[in-house]
């Protein structure tokens with residue numbers, strides 16, 4: 001049975017791949033990949049809610065929402081391979097956390113690196129044409 005971090009990470013990866021495909025086809029909207037990945041991760045969590053309600057019986061409606069019957073009803077592969085991940089004997093909690101961290105860092109740092117590459121290209125082009133003030137003042 002996989003932990004919630006693994007479900008969240010797989011949901012992020014699946015929805016991030018779909019958002020990246022849409023952004024690549026449309027050639028815009030790359031900033032929406034991060035929020036789309038977050039929504040995909042959240043979409044992968046609802047089948048775990050009966051388990052969460054069984055852990056915390058003081059939550060509202062926990063007597064109605066917990067139990068294996070509700071968990072079996074909610075668990076399906078509609079929620080980003082939820083049933084397949086729950087069938088695994090390992091928990092994969094750290095792997096899920098690693099997936100989450102790698103995906104979020106990729107979404108954060110890729111636009112920064114693209115912007116840095118554009119700035120470096122502009123500076124190189126300025127140097128090729130004599131610098132900012134011309135050849136005589138750049139020593």
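The values are calculated or read from the model by the stated rules, or taken from the named source; none is laboratory data. If you're wondering where the values come from, they're calculated on a predicted model, not measured in any experiment. All Cβ positions, glycine included, derive from the backbone under ideal geometry; neighbour counts span all protein chains shown.
For (1) touching a residue at least 12 places away in the same chain (Cβ under 8 Å); (2) closer than 29 Å to residue 108 by Cβ; (3) not in a helix (DSSP H, G or I), each residue gets a yes or a no:
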{"site": "5", "(1), (2), (3)": "yes, yes, no"}
{"site": "12", "(1), (2), (3)": "yes, yes, no"}
{"site": "23", "(1), (2), (3)": "no, yes, no"}
{"site": "34", "(1), (2), (3)": "yes, yes, no"}
{"site": "53", "(1), (2), (3)": "yes, no, no"}
{"site": "57", "(1), (2), (3)": "no, no, yes"}
{"site": "63", "(1), (2), (3)": "no, no, no"}
Fill in the blank from the handout: Selection over region 1-27 where residues are under 10 Å from the mean Cα position of the chain (by Cα) and either farther than 13 Å from residue 103 by Cβ or surrounded by fewer than 17 Cβ atoms within 10 Å (Cβ to Cβ) (or both) yields a count of 1
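Let's see how each residue does on (1) at pLDDT below 80; (2) assigned to a helix (DSSP H, G or I):
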site: 60; (1), (2): no, no
site: 73; (1), (2): yes, yes
site: 83; (1), (2): yes, yes
site: 90; (1), (2): no, no
site: 98; (1), (2): no, yes
site: 101; (1), (2): no, yes
site: 105; (1), (2): no, yes
site: 108; (1), (2): no, yes
Handout entry: Flag if residue 126 is in a helix (DSSP H, G or I) and closer than 20 Å to residue 16 by Cβ
Key = no
Practice task
Any residue in region 86-104 that's touching a residue at least 12 places away in the same chain (Cβ under 8 Å): show its pairings with residues that are surrounded by fewer than 16 Cβ atoms within 10 Å (Cβ to Cβ) at Cβ separation under 7 Å, as long as the two are six or more apart or on different chains.
Solution key: 86/1; 91/1
